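Here is the structure we will look at.
The values are calculated or read from the model by the stated rules, or taken from the named source; none is laboratory data. If you're wondering where the values come from, they're calculated on a predicted model, not measured in any experiment. We place every Cβ from the backbone using ideal geometry, glycine too, and count neighbours over all the protein chains shown. Remember, those area values only see protein heavy atoms, side chains included, never the ligands or the DNA or RNA. Shrake-Rupley method; radii C 1.70, N 1.55, O 1.52, S 1.80 Å.
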Amino acid sequence: MIDLMPTSEEQAAAIVRAHREMNRPLAICGGDTRSGFGNAVAAEDRLRSTRLSGILAYNPGEMVMTARSGTPLAEVEAALSENSQMLAFEPMDHRPIMARSGEPTIGGVFAANVSGPRRLIAGAARDSLLGVRFVNGSGEIIKAGGRVMKNVTGLDLVKLIAGSHGTLGFLTEVTFRVPPRPKTERTVVLSGLNDAEAASAMAAAMALPVEVSGAAHLPLTVTWKFLAGKLPEGEATVLRIEGLAGSVDARIEKLVAAMSALATVTRLDEGESRRLWREIRDVLPYADGTARPVWRVSVAPGTGHQLVAALRLEAGVDAFYDWQGGLVWMRMEADPEAELVRRFIQLLGGGHATLIRASAAARAATAAFHPEPEAVAMLSRRVKEKFDPAAIFNPGKMG
């Protein structure tokens, strides 16, 4: 595959125009750390953003940053850390689970709408995105949104680009919110609850006036892989509290008092808490160097454990739960079992399943993204035709 790495937005636009004239498809890529999932892309040339790098505007007082799309995520996070700010949506690092190297880019984060444990209170990556610049499939440079949220049409366009996985345009610049980083955090661990009991406990915790910012359940099959095996014995239901030290202490006491009636309760200090939620974010138990299929399943929080229980009657599956049980990470022991997974999701009220990892043969035979209802699929096709009329961007990526 030939890598094309423009150093300017205009150069990127010229490359796109040339490929449209030749009807020659382009694979769209940043740091190449997330391109391993999704359907296989039918393209021999790859347009990469890695030389479109650098923070263009950042005033901590405004809590907004603008950066070129190929800026390494580590560079963005380092600048934010110096000013006690953060990406609220806590983006996952896919490198461990996908066994890939390279440097994630800020454009790749938004193109894939990558969101971690704090999503349940902070929203997804797209909810922090204020503006974008990108090159469309006709080689035109498009600007949408901006540093202040005013243009409703622009905001809709911004949200369309986020999560489109490079199928609608080649991102060149992103503008996004960067709120203050919590001063400290603690995590409460409830031990010994089964999946159904944990779902009830997490729902009860989220209903308390203590501002839980992370709620996950780790069954026995995975608990030993977190914190190097130092979690308390038994299943672990973990609840995170963040903020000013005094406030965190007071809210932790309220949370412990409420949860002590449900299970044995222990506490993690700040360092242990930060490490644990990084490991949950990056799906550490399944970063095993294999190609065993891994699904990312989004359902209603109360139905995640029901889905896993139903699947275990017919297939080999391991799982743990984030987002109060609404995000289920599942590793299959053999085949992806896509038809089975998606049929049970439908029976339990709906949701979607994305195949994140699988062997090359399994990926070729399985639709990575959840099939859309016909009306939505028709709208998606119309949007694609508008943005990329010659269909040269990431053909096949999303089906």
Next item on the list: Quick one: accessible surface of GLU103, probe radius 1.4 Å, all protein chains present, in square angstrom to the nearest 10.
Entry: 100 Å²
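So what is the relative contact order for the chain, in percent, with contacts set as C-alpha pairs under 8 Å and at least six apart?
Working: 884 pairs, mean separation 77.7, N = 399.
The normalised contact order for the chain reaches 19 percent.
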Next item on the list: Round to the nearest 0.05 the FRET efficiency obtained for ALA203 and VAL376 when R0 = 25 Å and r is the Cβ-Cβ distance.
Entry: 0.30
Margin query: Tell me the per residue accessible area of segment 227-370 using a 1.4 Å probe; a whole number in Å² is fine.
Written below: 42 Å²
Checklist line | Rough spin-label spacing in nm, given labels placed 7 Å along Cα→Cβ, for GLU21 and LYS254 | finding: 6.5 nm
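Quote the charge dipole size of segment 184-263 about the Cα centre in Debye, to the nearest 20; the model charges only the Cβ of Lys and Arg (+1) and of Asp and Glu (-1). Each step should come with its number before you reach the end.
Details: 6 positive and 9 negative charges, 25 e Å.
I would put it at about 120 debye.
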Checklist line | Positive minus negative residues near ASP93 (Lys, Arg vs Asp, Glu; Cβ under 12 Å) | finding: 0
Margin query: Can you tally the net charge around ILE28? Count Lys and Arg as +1, Asp and Glu as -1, for every other residue whose Cβ sits under 9 Å from the Cβ of ILE28.
Written below: +3
Notebook entry, point to check: Could you give the angle, 0 to 90 degrees to the nearest 10, between helix 9-22's Cα long axis and the longest principal axis of the Cα atoms of the chain?
Noted result: 70 degrees
Notebook entry, point to check: What angle do you read, to the nearest 10 degrees and between 0 and 90, between the alpha-carbon axis of helix 152-161 and the longest principal axis of the chain?
Noted result: 80 degrees
Check: Pairing the Cα long axis of helix 195-207 with the longest principal axis of the chain, what angle in degrees results, from 0 to 90 and rounded to the nearest 10?
Finding: 80 degrees
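For the chain, what is the per residue volume of the convex hull drawn over the alpha-carbon atoms, in cubic angstrom? Walk me through the numbers before you get to the answer.
Numbers: hull volume 54.6 nm³, N = 399.
Hull volume over Cα atoms, normalised by residue count, gives 137 Å³.
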